[in-house]
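Working notes, beginning with the structure itself.
Coordinate-derived values only; no laboratory data. Just so it is clear, the structure is predicted and the values come from calculations on it, not from any experiment.
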Amino acid sequence: MKKSIAISIMAAASLIAGAAHAGTYTYSTKDKPGMTVGVTTPDGRVIAGAANTGDMSVTWADGTKTAETYTCIGTSQPPNAKIFDVHTICDASGPNGTYTATFGCTNLSDGSQGCVGGLYGKTGKYAGRGGATTWAGKDGQGAGTGQWSD
């Protein structure tokens with residue numbers, strides 16, 4: 001329960017980075033210890049939420065590297081009303097500005113997660129922009145890609 005939520009949170013937090021297009025990036029993330037709440041019910045359902053903070057290393061398309069930080073909150077989804085196992089929302093900040101990322105994550109059989117999401121720019125270079133991101137990882141560490149719109 002805790003690892004899945006934490007991984008989703010970390011995934012969501014891992015949003016900022018670079019690759020080939022000016023707004024393209026790659027990134028890696030590392031969660032700090034967080035807080036998990038919830039329960040496994042008598043019938044085996046997991047109802048949980050988690051809050052985490054972490055650090056992210058971003059590499060932009062032009063090779064520029066930046067350090068980012070994030071705060072995320074994730075919740076498990078009920079089995080009868082879900083596409084993703086976990087939904088997560090994160091706020092991230094760094095030298096280029098601030099943004100929010102939303103993620104939907106799927107728990108994979110090896111204990112890792114795969115996530116997809118959207119980016120919502122708030123300040124600085126990201127203000128008024130949107131984008132998309134992916135993340136994959138396990139136990140609060142992972143990597144992903146992203147693309148900000150022009």
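Mind listing the phi-derived Karplus ³J(HN,Hα) values for segment 52-67, rounded to whole Hz, using 6.51, -1.76 and 1.60 with θ = phi - 60°, and x for any glycine or proline?
My calculation for segment 52-67 gives 9, 10, x, 10, 9, 9, 10, 10, 7, 3, 7, x, 4, 10, 9, 10 Hz in order.
Amide H of Gly114: which non-local residues (sequence gap of 5 or more, or other chain) have their own amide H closer than 5 Å, using H built in the peptide plane?
Thr106, Leu108
Straight-line reach from Lys32: which aspartates and glutamates have a Cα under 17 Å away, not including same-chain ones fewer than 8 places off?
Lys32 reaches Asp55, Glu68, Asp91, Asp139.
Starting at 0 and stepping by 10 Å, how many percent of the alpha carbon pairs of the chain end up in each bin?
Percent of Cα pairs in each bin: 14, 46, 28, 10, 2, 0.
What are the ³J(HN,Hα) couplings of segment 113-120, residue after residue, when phi is run through the Karplus curve with 6.51, -1.76, 1.60 and θ = phi - 60°? Round to Hz, x for glycine and proline.
9, x, 9, 9, x, x, 10, 10
Given contacts defined as C-alpha pairs under 8 Å and at least six residues apart, what's the relative contact order of segment 36-150, whole-number percent?
14 percent.
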